[in-house]
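Here's the structure we're looking at; comments come further down.
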Amino acid sequence: MKLAGKKALVTGAARGIGRGCALELARAGADVAVNDRERTPQAEATVAEIRALGRSAALIDGDVFARPSCENTVARAVAELGRIDIFISNPAFSRRAPLLDYDPETFERVLHGTLFGGFHMAQLVARHMVERGGGGKIVFISSVHARIPYVQSVAYNAGKSGLNHMAFTIAAELLPHRINVNVIEPGWIDTPGEHATFGDDAIRKEGPKLPWGRLGTPQDIGKAAAFLCSADADYITGAALLVDGGFCLRAAGG
């Protein structure tokens with residue numbers, strides 16, 4: 001229970017990596033505000049699972065791609081939990097297409113969702129943390145795409161690379177306030193979005209070919225987030241943590 005008594009806000013927490021983070025924070029003792037764009041059965045199920053673990057949970061629907069909604073989301077989270085000690089930034093939108101055919105409006109939307117949503121929420125949460133004092137933990141969910149220029153992912157690659165540098169800059173600015181700001185770079189994670197993109201058969205076939213013999217799970221990312229948000233990671237800030245089962249080492253023959 002390394003996070004006992006802590007209050008956390010997780011965006012995009014209805015499914016996939018966001019859900020994994022919300023549940024692992026709760027297992028470590030935190031009460032959690034679950035944010036997703038809409039009040040869906042999946043979001044309600046995440047809240048129910050957190051409560052079944054004996055923690056308090058609140059469902060806060062809101063589009064974190066839009067500033068007014070971000071402001072409302074943070075205000076509601078503070079009202080529900082009393083304060084925010086931990087923030088997991090997990091907004092993302094991705095569409096794959098060749099560069100020569102890539103729709104400019106889609107490019108802007110991917111960057112907006114990946115980068116702008118992270119900025120708005122982090123700024124608002126950081127202001128709250130600075131005002132109340134006592135430090136805090138902010139974790140951005142990035143990707144191995146920040147390191148590897150995958151084809152047909154020009155917008156997502158750019159967005160995640162920018163997200164990393166933005167997070168490091170935020171970490172530097174928040175040093176005087178003892179707010180730890182770090183990044184997690186997941187590899188290939190078994191999420192509903194990946195199944196929708198690649199199909200169930202491809203996911204099943206490709207997993208055993210990866211260096212670790214499987215795709216990662218949302219729980220893998222959630223456990224890393226729980227560590228970074230605990231006192232054990234007090235001396236870690238401005239860092240990018242690969243959680244990829246050796247995915248980035250494939251070229252080395254791993």
- [ ] First check a/c for the chain, with a ≥ b ≥ c the square roots of the eigenvalues of its C-alpha gyration tensor; if it is under 1.5, answer rounded, and if not, answer prolate when a/b is larger than b/c or oblate otherwise.
- [x] rounded
Open item on the list: Let me check I've understood the local charge: for residue 129, count other residues with C-beta under 13 angstrom from its C-beta, Lys and Arg +1, Asp and Glu -1. What total comes out?
Closed with: +4
TODO: Using a/c under 1.5 as the rounded threshold, could you call segment 42-187 rounded, prolate or oblate? The axes a ≥ b ≥ c are square roots of the C-alpha gyration tensor eigenvalues, and prolate needs a/b larger than b/c, oblate otherwise.
DONE: prolate
Task: Listed residue pairs exceeding 18 Å between alpha carbons, taken from 160/209; 137/160; 6/223 - done: 160/209; 137/160
- [ ] Place +1 on the Cβ of every Lys and Arg and -1 on the Cβ of every Asp and Glu in segment 50-205, take the dipole about the Cα centre, and give the residue among 73, 60, 133 whose Cα lies farthest towards its positive end.
- [x] 133
Open item on the list: For a Förster distance of 30 Å, can you work out the FRET efficiency between the beta-carbons of residue 152 and residue 51, rounded to the nearest 0.05?
Closed with: 0.15
TODO: Kindly provide the helix-only [θ] at 222 nm of the chain, computed as the sum of -39,500 (n - 2.57) over DSSP H runs of four or more divided by all residues, to the nearest 500 deg cm²/dmol?
DONE: -13000 deg cm²/dmol
TODO: Could you work out how far apart the two model spin labels at residue 109 and residue 236 are, taking each label as a point 7 Å from the Cα in the direction of the beta carbon, and quote it in nm?
DONE: 3.5 nm
- [ ] Would you grab the residues whose amide H sits under 5 Å from the one on residue 60? Only those 5+ places off in sequence or on another chain, please, with H modelled 1.01 Å from N.
- [x] 34, 35, 36
Task: segment 51-129-segment 190-254 distance, computed between alpha-carbon centres (Å) - done: 21 Å
Open item on the list: Could you sort the peptides 244-250, 178-184 by per-residue average Cβ neighbour count (10 Å cutoff), highest mean leading?
Closed with: 178-184, 244-250
- [ ] Sort 114-123, 92-101, 68-77, 8-17 for me by packing, meaning the mean count of neighbouring Cβ atoms within 10 Å per residue, highest on top.
- [x] 8-17, 114-123, 68-77, 92-101
TODO: Could you grab the relative contact order for segment 180-254? Cα pairs under 8 Å, six or more apart, rounded to a whole percent.
DONE: 53 percent
TODO: Report relative contact order for the chain in percent, whole number only (criteria: Cα-Cα under 8 Å, sequence separation at least 6).
DONE: 20 percent
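A short reminder: the numbers here are calculations on the coordinates, not readings from a lab. Since this is a predicted model, take the numbers as computed values, not measurements. Cβ: placed from backbone, ideal geometry, glycine included. Neighbour counts: every protein chain shown.
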